[in-house]
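Working notes, structure below.
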Number of protein chains: 4
Amino acid sequence: MGGSGMGKLFTISTFGESHGRAVGVVIDGCPARIPLDERDIQKELDRRRPGQSELSSPRSETDQVEILSGVFGNMTTGTPICMLIFNKDMKSADYEGIRDRFRPGHGDWAYQEKYGIRDYRGGGRSSARETIGRVCAGAVAKKVLGKKNVKIIGHVTQVGNIRAVRFDPDFIEKNPVRCADPEMAEKMADRIRLARDNGDSIGGVVEIRATGLPAGIGEPVFERLDAEIARAILSIPAVKGIEFGIGFRAAEMSGSAHNDEITREGFAGNNAGGVLGGISTGQPLVFRFPVKPTPSLRIPQRTVDENGDEVEIVTRGRHDPCIAPRVVPVAEAMAAIVLLDLWMQQIARNF
Amino acid sequence: MGGSGMGKLFTISTFGESHGRAVGVVIDGCPARIPLDERDIQKELDRRRPGQSELSSPRSETDQVEILSGVFGNMTTGTPICMLIFNKDMKSADYEGIRDRFRPGHGDWAYQEKYGIRDYRGGGRSSARETIGRVCAGAVAKKVLGKKNVKIIGHVTQVGNIRAVRFDPDFIEKNPVRCADPEMAEKMADRIRLARDNGDSIGGVVEIRATGLPAGIGEPVFERLDAEIARAILSIPAVKGIEFGIGFRAAEMSGSAHNDEITREGFAGNNAGGVLGGISTGQPLVFRFPVKPTPSLRIPQRTVDENGDEVEIVTRGRHDPCIAPRVVPVAEAMAAIVLLDLWMQQIARNF
Amino acid sequence: MGGSGMGKLFTISTFGESHGRAVGVVIDGCPARIPLDERDIQKELDRRRPGQSELSSPRSETDQVEILSGVFGNMTTGTPICMLIFNKDMKSADYEGIRDRFRPGHGDWAYQEKYGIRDYRGGGRSSARETIGRVCAGAVAKKVLGKKNVKIIGHVTQVGNIRAVRFDPDFIEKNPVRCADPEMAEKMADRIRLARDNGDSIGGVVEIRATGLPAGIGEPVFERLDAEIARAILSIPAVKGIEFGIGFRAAEMSGSAHNDEITREGFAGNNAGGVLGGISTGQPLVFRFPVKPTPSLRIPQRTVDENGDEVEIVTRGRHDPCIAPRVVPVAEAMAAIVLLDLWMQQIARNF
Amino acid sequence: MGGSGMGKLFTISTFGESHGRAVGVVIDGCPARIPLDERDIQKELDRRRPGQSELSSPRSETDQVEILSGVFGNMTTGTPICMLIFNKDMKSADYEGIRDRFRPGHGDWAYQEKYGIRDYRGGGRSSARETIGRVCAGAVAKKVLGKKNVKIIGHVTQVGNIRAVRFDPDFIEKNPVRCADPEMAEKMADRIRLARDNGDSIGGVVEIRATGLPAGIGEPVFERLDAEIARAILSIPAVKGIEFGIGFRAAEMSGSAHNDEITREGFAGNNAGGVLGGISTGQPLVFRFPVKPTPSLRIPQRTVDENGDEVEIVTRGRHDPCIAPRVVPVAEAMAAIVLLDLWMQQIARNF
């Protein structure tokens, strides 16, 4: 399996560049006889696409999915599911001015060093459009996990230095920030508008909660549930870290305060974030991760061109001033893919 | 490859339980003709073992490695290298009192749920002794990486709420906390002694810096350098998160402050932590991770036994009050293994 | 990686059903900066498609490939290459009569047992149309291998009990049987016509020769060159075995007759077929495999339907009376894919 | 996973050289709570070891297995099972005379080309002693498969040009040739003695039959049951091919003769060898493979030394004149490992 593939049983392989002909994914290993049609996929894609609100990029990517294989009579057949989204509304001309200069904070320079060639249009393979395939695959994983009543909910807990306090899950999809705290959501929106108006951008934090998991998911010692989730989440562009449960704050705690005691009714707390020894405990799986500020700015920045000469760069593409809200469905998708794959591995042991 | 294996080209497979006959590792795919003998391995194992100072567990595990295969005339042959450490100084009787009750904060309960059976002695497979195999494999990876002058240095940056400020790399191995700040090292040692004297434990943070890497290491989109490092580090017992470069603080930053501009001399900063688009930039790879407080305590805690009845538990094993200092060589090992594996993948593309 | 994927560094993932919307492949891990355009692919596809002569199926599949990603300015970029062929000229109505009955010798029954569902049209995923993706990927692998002057030539050595004697490689693509012996080629063609006229089919044997390989390709002990080739070839529909070099005849030989002695000029023979200890010797890699007679017949056969009732079946689809000639380009493709993948692994060891 | 590893869920990783300290295997992914102790393993090892009769090598390898991990209270725990056999009765001095010259028909030369170094003693990693780890892993796989009443039986069907006719399974383990035909067994033994007395060797054919399999095992399109078996069998030293069911004879047959018709009672024949479309049919899985004559001979042969000079070579090690009988338990082991791994994958799909 190459670098654009992941999974052992429920496996995915994504492909496509931002301004190439199409982006998509092949799922191999999906259980058979799962009801599935394009609306299941489109629903999640619509949550990811830009242009959902004035806070995100004004690009009007419609991102219509087509299922090319693996589904017959609206049921999965167990064979590979290829899903394709043709690229439209591409404005490659926007990128002509920067084709020979590297955007700071982007993968441009590193791709050039690695491969000796790159499709510079719209970021090519390092574009966030690559995540479309992930969302498609995640939609299928969610459909399968739905059989067992697993729910995966993501929300933005921080934008700049504004932090959510309340958690009202019903509010998440009702505001463009995808914040679960109605009061802070508005402040976050203001902060994003400020960045946008400055030609700048702002970072954020996303939290994912998965409920309905049984105990026993995760394959020690290396394919631990938390380790696999960490890899999947860190593979999302712009994500710079992750923490489970109490996370980095565990460093400040004593064991007597940190340990989740066990009672007849179950664990007395969830500092562990739903995973112990790399195995799910049946409690909610909870993790958070920082999303860096979008690197493409209208503010001029110093960089070099392909000759190594110092130049100034201004990005004219249509970018989100804060990408965290749109990362939410991507992260949910990655969590769903990992959970299903590990769960299937656990089932396999029931020989 | 099972859950106890990792890697694509430089692959490792660990085995062994804490109080079983032996722990060890098989490396498959090591380049041939690398000078190697048992002293190369022992040196790293000695950094990991308990009993190095009064701050760590008084267990006197000597952990003598034996190389069983893959080395001929003190040179690697390219065939699998099996390294074995027989378990000694095991006091399984210490665990008889807790064989039917689950330690809070440990993997005991989850292992039982997952497998329906567990070796309860010393934590069995979920014991930190499992990391011995990782350190052996990491010692080999370091030896190979040494050909290219890669250096991987780990140190403790936080214990409880005490944070290192200075960074004096030469001081790290001269103090039992493995802190690079002489002044704070002493305060951290005091904090650990306090925990120990209370029968409690305390968490910490470890930072790893790898220098000497070329640009181009990492396989987008899923096998990104940062994603693979994240998986490897999160697979270490007690680690609850990770962040690269500026990490979680990126959430508070604007793009104009966060982006590392590029000059003729290279990047003007390293907020990225040495990785962009999942590919190494040639800057130092820098990441940090929280280590939770050791869960085994002499302070009584509530838990349940195998019948589900509530009981009290006191752990009498000989445990480290703060495990962070001993995690340092383990994390260095994991980083070395990942870096070598991804680097070999990059070389393979030079067809 | 799922069952429709293969490879470690040069990896492929195929998808698509015979009468679905499309068939295709994603290649992940192709070296960058390889010149590539659709004509490179089409040339090989045209060798595979039916309707090339009166000896093969009269289906007029044009099989036009489209490259959707991974190529920029007619150069590979190192990112995943998705290639797609939309299905046309499908006559699904031909299959309505057999949708509930299982064709003897086909995968129909086994697919139904495995997945509990199947796309019965044209054989669905078990159709030989699945091999289109392989040929596309093989065309890319051949292009890469071409840099090192590797040549892979396949030809039909047997049809029914007619065996080729001479080997004139230039004649292979000049006759519809792809036989390298002009005299026997005509007899084989007659044998195929006889089968066709009877509403029956006939088996054959294909041989592949790869030249220009260096010594050292193959990863003992399980990923031996011959073992990996065997897996790849046995994964082709209708193939029932394989033999390398002298093959099954080795069973009758003494060691003194079988061993290829070594002289200053190299090996004195090639009974080994170019592989020793699972590693290429630099001699030509030579292997042969039997192709069973096409199972779809106009002659009535006994079978059962989905209710388990005995019925008669007559297949009205347009099938090749002997599939061996069209298996040739597929087998060449599989060989190319395996050779490139293992070669890249060998290069990776040059750390 | 490296070249010495195989499997997706039930995975194995072998290690060890012929005259190194030990050979062995790590199994990762074995289902938990399978009763297992060293006698289960030793029983199969004893079938593999030399010195079982006057027909095999007089080496007195006792090959005592030790289970180092993964078993607790004579039950598997689901964690990695490491099994070790220390090498004894090694006569490395026998190999001093050939340390700088390459044995024809052996992997010596190819290993040297590939790795630039080799442990020449006893063939090092390319020795048949490497198969010990496979037999250990196969014994565990057989134990697991035994839960479902799967039986795997191997026997020698040909030695030189002597072919077995009858099939009396009870006779197989009662004769040193492991032939199921009492009359031909004696003739085969004579043929082997003749080779031995001449300082020569002789080839053979082995057949494996696995019964008790359900329909549905095998993962199209690349991880087909037959393809995976082929890879596993071709990875055994000295094996030069494989055929399933009617095998190479399919080339001579018409479809009407070859197809196994289906009746209410099941398939009317088993030309397919138990696999259709790469998926088990529930019929016996039947395959055969040629075993080349042992290359190490007392008869002088031409070869070159490390300087490329032509020299004569005579092998004084204690070798089997016909290795086919001892390959039988190795091939059974490989079949068991593949079947269990693919079966577990099928179970995993029952989400």
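The values are calculated or read from the model by the stated rules, or taken from the named source; none is laboratory data. All values derive from a computational prediction rather than experimental measurement. Every residue, glycine among them, receives a Cβ derived from its backbone with ideal geometry; neighbour counts consider all protein chains shown. Note: accessible area is taken over every heavy atom of the protein model, side chains too, but ligands, DNA and RNA are not part of it. Shrake-Rupley method; radii C 1.70, N 1.55, O 1.52, S 1.80 Å.
Quick note on segment C:2-100: its Rg to Rh ratio, both from C-alpha atoms and Rh being the Kirkwood radius, is 1.04. Counting only Cβ charges, +1 for Lys and Arg and -1 for Asp and Glu, the dipole size of segment C:5-349 around its Cα centre is about 420 debye. Considering the rotation that superimposes chain B on chain C, the residue of B whose beta-carbon lies nearest the axis, and that distance in Å, is B:Ala348, 2. Here is the P(r) of segment D:5-349: all C-alpha pair distances, binned every 20 Å from 0, give 29, 57, 13, 0 in whole percents. Between copies, the label points of C:Pro300, set 7 Å from Cα on the Cα→Cβ line, lie 7.2, 8.6, 8.7 nm apart, reported in increasing order to one decimal in nanometres.
Segment D:81-140 and segment A:209-236 have their alpha-carbon centroids 40 Å apart. Apolar share of the accessible surface for the protein assembly as shown: 46 percent from carbon plus sulfur atoms, 1.4 Å probe.
Restriction of the trypsin sites (Lys or Arg not before Pro) in segment A:215-286 to DSSP coil positions whose beta-carbon has at most 13 other beta-carbons within 10 angstrom yields A:Arg264. The mean accessible area for residues of the protein assembly as shown, using a 1.4 Å probe and ignoring ligands and nucleic acids, is 30 Å² per residue. Shape analysis of segment D:237-311 based on the Cα gyration tensor places the equivalent ellipsoid semi-axes at 44, 13, 10 Å, largest first.
Ordering D:Gly70, D:Ser92, D:Gly105 by Cα displacement along the dipole of segment D:52-105 toward the positive end leaves D:Gly105 in first place; charges were set at the Cβ atoms of Lys, Arg (+1) and Asp, Glu (-1).
In the structure shown, the pairs A:Lys8/A:Lys142; B:Lys151/B:Lys240; C:Lys148/D:Lys114 are assessed against 21 Å; a Cα-Cα span above that value is assigned to B:Lys151/B:Lys240. In this assembly, the A-C interface accounts for approximately 3200 Å² of buried accessible surface in total, computed with a 1.4 Å probe and without ligands, DNA or RNA. Semi-axes of the equivalent ellipsoid of the protein assembly as shown are 49, 39, 29 Å, computed as sqrt(5λ) over the eigenvalues of the C-alpha gyration tensor in descending order.
Axis angle, to the nearest 10 degrees, between helix C:182-197 and the longest C-alpha principal axis of chain C: 20 degrees. Using only side-chain charges placed at the Cβ, +1 for Lys and Arg and -1 for Asp and Glu, the dipole size of segment A:211-351 relative to its Cα centre rounds to 320 debye. Helix content alone sets the calculated 222 nm mean residue ellipticity of chain D: runs of n ≥ 4 DSSP H residues at -39500 (n - 2.57) each, divided across all residues, give -8000 deg cm²/dmol. Counting, for every residue in D:102-109, the Cβ atoms of other protein chains within 10 Å of its Cβ and taking the mean gives 6.
Using the Cβ-Cβ distance between D:Asp305 and D:Asn161 with R0 = 30 Å, the FRET efficiency computed as 1/(1 + (r/R0)^6) comes to roughly 0.30. Here C:Glu186 yields copy-to-copy label distances, from shortest upward, of 5.4, 9.3, 10.2 nm, the label point defined as 7 Å from Cα along Cα to C-beta. Averaged over the residues of C:302-313, the number of partner chain Cβ atoms lying within 10 Å of the residue Cβ comes to 3.
Here the protein assembly as shown is treated with +1 on each Lys and Arg Cβ and -1 on each Asp and Glu Cβ, and its dipole about the Cα centre works out to around 0 debye. Scaling against 2.2 N^0.38 Å puts the C-alpha radius of gyration of segment B:69-148 at 1.51. Across peptide D:333-344, the average count of Cβ atoms from other chains found within 10 Å of a residue's Cβ is 1. Dipole of chain C computed with +1 at Lys/Arg Cβ and -1 at Asp/Glu Cβ about the Cα centre; of C:Cys30, C:Ser13, C:Ile192, farthest Cα towards the positive end is C:Cys30.
Annotation for segment C:220-281: GluC sites (Glu not before Pro) lying in DSSP loop with at most 13 further Cβ atoms inside 10 Å of their Cβ are C:Glu265.
For B:Glu265, the point set 7 Å out from Cα toward Cβ sits 6.2, 6.4, 8.8 nm from its twins in the other copies, listed from shortest up.
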